[in-house]
Amino acid sequence: MMRAIVRGIDERLGTARMTREILNKVFPDHWSFMLGEVILYCFIILVVTGVYLTLFFDASQQEVLYAGSYVPLQGVEMSRAYASALDITFSVRSGLVIRQVHHWAALLFVASMLAHVLRTFFTGAFRKPRELNWAVGVTLLVLALVNGFTGYSMIDDQLSGTGLRIGYSIVLAIPFIGPWLSSLLLGGEFPGPDILSRLFVLHVMIVPSIITLLIVIHLVILVRQKHTQFPGKGRRENNVIGLRMWPTYAMKATGVFFLTSATLAALGGLVQINPIWIFGPFRVADVSSASQPDWYVGWLEGALRLMPAWELRAWGFEIPNPFYPALLLSGLTFGVLYAWPWLEARFTGDHEIHHLLDRPSERPVRTSLGLGTLTFFGVLFIAGSDDVLAVWLDVSVNTVIRILQLLTIVSPILVFLISRRVMNRRLQKRKERGEGPPVRVGHSRWEALVAVLLAAGLVFVTVSSLSSKSPSDLPETWTAEANAGLTGKQLYDAACAQCHGERLEGIFGPAMGPNTDSVQMSDTLLQAIVFSGIGKMPPMPGVLTEEQVQAVILYVRQVQAE
Amino acid sequence: MHETKAPQVGFGVTILAGIGLLVLYAAGGHPQLEGLLWFYALAGLGVGIVTGAIRYLPQEHTEEERHPLLSSDEMIAAAKADLRRADAPEGAPDKERRTVLRLLGGAFAALGAALVFPIRSLGPDPSDDLRETPFAHGVRLVTVDGAPIGSDQLGVGEVVTAFPEGHTTAADAPTLLIRFDEGRFFPVRGREDWVASGLVAYSKICTHAACAVGLYENVTGVLLCPCHQSTYDVNDGARPTFGPATRALPQLPIAIDSEGFVVAQSDYPEPVGPGYWDRTNNL
């Protein structure tokens with residue numbers, strides 16, 4: 001039966017030869033080659049979880065009064081998009097886990113891409129004949145960033161609305177076409193009547209389709225050109241040594257897919273991410289002070305913060321300030337990234353075909369340039385949290401910004417010079433001793449990798465089960481009746497601690513401990529804030545009775561006095 | 001890896017976790033436990049498959065030849081010859097053929113241009129939208145709940161976010177109405193009559209990247225934008241004093257109407273919010 005089917009297919013398509021080619025493809029056995037695979041697995045998980053979420057999400061800007069199961073926001077006016085995201089979180093069974101797995105997968109998707117790009121860069125894998133595939137890869141990175149941004153922007157909570165408005169300002173800053181372009185994107189002036197539906201169609205259809213197409217192209221080129229490999233015993237430019245696709249490699253790769261999924265499942269179930277119910281619906285006059293984008297936008301955020309107050313104005317026209325850190329910088333970054341294989345070939349005069357990889361330590365200039373660039377973006381990334389850093393170090397934000405501005409310029413240059421010098425010296429010494437490059441023993445590192453992944457996963461699971469709270473438990477306990485008989489501290493822990501911190505140190509909401517503004521606020525004012533809400537703090541009538549609010553305030557006063 | 005029972009244990013864990021998930025789902029679900037059980041189900045599978053592949057499948061490495069991708073000279077020549085098939089056959093009217101080709105190019109260009117026009121439908125002309133807010137002569141400033149604001153409502157150093165009456169969700173309209181400290185406030189020259197009864201009104205939209213300038217330190221009279229830390233001096237025309245913002249927050253000229261409520265004298269005299277290419281043109 002089976003045989004007849006296979007034969008029938010082969011008779012019509014002649015598939016045996018193609019199948020053999022795929023089954024026999026050789027994969028070099030080095031752990032760093034798996035980073036690319038992890039990207040693919042993240043993408044598969046993103047598509048699967050994303051399809052599930054699409055079945056429930058409603059990207060509509062129509063204003064509704066929320067009547068879902070999350071008590072603190074009941075009766076609050078919000079878009080249907082935000083309301084449906086809350087429903088996914090609180091009413092759809094497994095919805096919260098899948099939403100969080102989706103978000104974590106997006107973070108890991110970009111993180112593994114970055115790691116893969118770095119591997120390719122530092123080992124020279126982008127060199128001829130792989131320049132085209134490098135360019136396809138850089139495009140995939142750009143699209144991943146775009147889709148991450150459209151994804152968390154379309155939920156229409158306070159945080160995403162703030163991010164979107166910054167994004168709008170950046171588009172508006174484009175010389176000449178900025179105003180028109182932003183109007184065409186949004187369907188009008190911010191926020192525009194069509195923004196959510198357009199973000200939605202970009203996020204679930206257009207960008208993912210292009211990503212899928214480019215992944216296929218990336219892999220077809222990879223198969224055609226065959227893998228690179230590190231130099232070593234028996235490894236030459238005209239061969240490639242490793243495990244064949246079938247059966248061992250395919251099985252191991254499948255195993256790694258499940259290990260990646262397992263890690264993401266643990267993260268999604270146990271480590272809270274983007275708690276949209278805390279931020280509240282987007283209000284044009286409000287802002288969440290802990291507005292932090294996803295990690296991969298951190299460098300842009302930092303660049304915006306560090307840019308001095310300067311812009312070009314002439315003849316009645318201007319190129320506004322956000323243009324330089326956001327558009328000029330990212331344009332340059334990705335421009336250089338795209339052009340790098342050709343730039344390097346031009347500077348080194350090396351136009352040969354390379355299938356054997358470089359060891360990073362033997363390419364002092366390239367490696368040092370890479371490290372310097374990483375330092376630059378590292379400083380920008382840190383600057384993206386300069387306010388948090390200032391609180392942490394107990395210095396003013398102004399001081400932190402001045403120091404980081406200096407570091408942005410100085411540290412990449414220093415890192416480059418020091419690293420080049422150290423590496424050149426080590427190469428020189430090796431040469432003087434007449435040693436060749438260290439020869440790697442070609443043993444498998446799969447076991448080590450599996451062990452590391454597993455250990456990391458277990459640590460995550462343990463740590464986060466000990467420290468995480470369950471948001472979905474809140475609706476049940478957050479009603480005035482259910483709260484009857486609780487002390488001020490118990491009420492605070494149940495209703496307030498998630499935002500204001502267990503010791504009033506502040507998390508998403510402001511700190512309220514000793515030496516904060518709230519010490520000066522009257523009890524009446526605090527009570528009014530609790531009942532009517534303020535900024536991103538949701539109003540809580542029906543959650544706590546008047547006596548209960550007073551009990552909470554009494555408790556807060558006790559802590560403030562300590 | 002030779003004596004390991006990891007595959008058996010792994011798959012066993014997956015079976016147990018899978019059954020656990022079924023039970024959990026039927027019982028009403030629980031995010032943390034779901035995550036934990038998914039982890040065990042998937043990790044068991046992953047560990048089982050990887051260790052199984054190491055224990056039960058061949059591990060020997062293979063050498064595969066790599067051949068140059070560059071095509072042979074004959075192949076390139078043949079391909080060129082194939083392409084040349086498009087050359088005009090002997091005796092065809094060469095001139096006419098060229099004209100037809102040009103027309104074909106023109107046809108595609110015209111079609112392409114026609115296909116581009118619908119893009120214009122995506123959004124309206126932005127120039128007026130960007131300059132105007134719903135504020136106008138005599139329009140009352142109201143709170144987010146729509147209540148008009150009395151001239152004596154704020155104490156010194158207090159601030160309220162105000163909107164034009166009937167437009168409490170307009171994104172370009174949020175305005176900070178502040179009772180300033182008479183001893184420290186210096187009106188910008190020419191704007192002495194833009195303030196009324198100790199109140200001054202500035203746009204709440206940051207001129208840097210359009211965040212709401214949400215933090216006010218009433219002791220120093222400093223407004224701080226929490227997004228990128230631009231600061232503005234309320235007592236000095238909301239001039240930027242730190243951070244990336246290059247321009248002062250636009251000031252709304254206000255007055256007190258006959259019933260004692262705060263009203264706008266006009267719309268903002270300049271566009272609010274972040275800069276753009278022709279912001280200062282045709283003001």
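Where a number appears in this text, it was derived from the coordinates with a stated rule and is not lab data. The shown structure was predicted, so the numbers you read here are calculated from the model rather than taken from an experiment. Positions of Cβ are generated from backbone atoms using ideal geometry, with glycine treated the same way; all protein chains shown enter the neighbour counts.
Which of the aspartates and glutamates could a cross-linker span from residue A:431 if the Cα-Cα distance has to be under 13 Å and same-chain partners fewer than 8 positions apart are dropped?
Once the sequence-local aspartates and glutamates are set aside, what remains near residue A:431 is A:362.
Under a straight-distance cross-link criterion of Cα-Cα below 29 Å, which lysines are reachable from residue B:95, leaving out those fewer than 8 residues away in the same chain?
B:80
Calculate the mean, over all residues of peptide B:226-239, of how many other protein chain Cβ atoms lie within 10 angstrom of the residue's Cβ.
Mean shielding by partner chains, rounded to a whole number: 4.
Could you list the trypsin sites (Lys or Arg not before Pro) in the range B:1-104 that lie in coil according to DSSP, counting only those with at most 16 other Cβ atoms within 10 Å of their Cβ?
On the way: sites: B:5, B:55, B:66, B:80, B:84, B:85, B:95, B:97, B:98, B:102; in loops: B:5, B:66.
Sparse-neighbourhood loop trypsin sites (Lys or Arg not before Pro): B:5.
Could you give the spread of the C-alpha atoms of chain A along their three principal axes, from largest to smallest, in whole angstroms?
Projected onto its principal axes, the Cα set of chain A covers 80, 70, 51 Å.
Distance cut-off 28 Å, Cα to Cα: go down the list A:128/A:233; A:226/A:252; A:489/B:204 and report the pairs above it.
On the way: A:128/A:233 23 Å; A:226/A:252 19 Å; A:489/B:204 37 Å.
Check vs 28 Å cut-off fails for A:489/B:204.
So if I place +1 on the C-beta of Lys and Arg and -1 on the C-beta of Asp and Glu, and nothing else carries charge, what would the dipole magnitude of the protein assembly as shown be about its Cα centre? I want it in debye, nearest 20.
The dipole of the protein assembly as shown has a size of about 4640 debye.
Within a 10 angstrom radius of the beta carbon, how do A:338, A:296, A:168 rank from fewest other beta carbons to most?
Placing the least packed residue first, the sequence is A:338, A:296, A:168.
Highest mean first, what order results for B:174-183, A:305-314, A:422-431 on Cβ atoms within 10 Å?
So the order, starting with the most tightly packed, is B:174-183, A:305-314, A:422-431.
Count, for each residue of B:20-29, the Cβ atoms from other chains sitting within 10 Å of its Cβ, then give me the mean as a whole number.
Working: counts 0, 1, 0, 0, 2, 2, 1, 0, 1, 7.
Partner Cβ neighbours, averaged per residue: 1.
Taking the Cβ of residue A:249 as the center, what net charge do the other residues with Cβ under 11 Å away carry, scoring Lys and Arg +1 and Asp and Glu -1?
+1
Toward the positive end of the charge dipole of chain B, about the Cα centre and with charges on Cβ (Lys, Arg +1; Asp, Glu -1), which of B:130, B:255, B:206 goes farthest?
B:130
Which ³J(HN,Hα) values, rounded to whole Hz and listed in residue order, are derived for the range A:215-222 from phi using the Karplus coefficients 6.51, -1.76 and 1.60 in 6.51 cos²θ - 1.76 cosθ + 1.60 with θ = phi - 60°, glycine and proline given as x?
Couplings: 4, 4, 4, 4, 6, 4, 4, 4 Hz.
Sorted by mean Cβ packing within 10 Å, highest first, what order do the peptides B:113-120, A:27-34 take?
A:27-34, B:113-120
What's the average, rounded to a whole number, of partner chain beta-carbon atoms within 10 Å of each residue's beta-carbon in A:392-400?
1
Placing unit charges on C-beta atoms (Lys and Arg positive, Asp and Glu negative, everything else neutral), compute the dipole magnitude of the range B:173-283 about its Cα centre in debye, rounded to 20.
Value, rounded to 20: 320 debye.
With a ≥ b ≥ c the root eigenvalues of the C-alpha gyration tensor of the range A:134-291, is it rounded (a/c under 1.5), prolate (a/b larger than b/c) or oblate?
Taking the square roots of the gyration eigenvalues as a ≥ b ≥ c, the range A:134-291 is prolate.
When only DSSP loop residues count, what GluC sites (Glu not before Pro) in the range B:13-80 have their Cβ near at most 12 other Cβ atoms within 10 Å?
Within the range B:13-80, the qualifying GluC sites (Glu not before Pro) (loop, at most 12 other Cβ atoms within 10 Å) are B:60.
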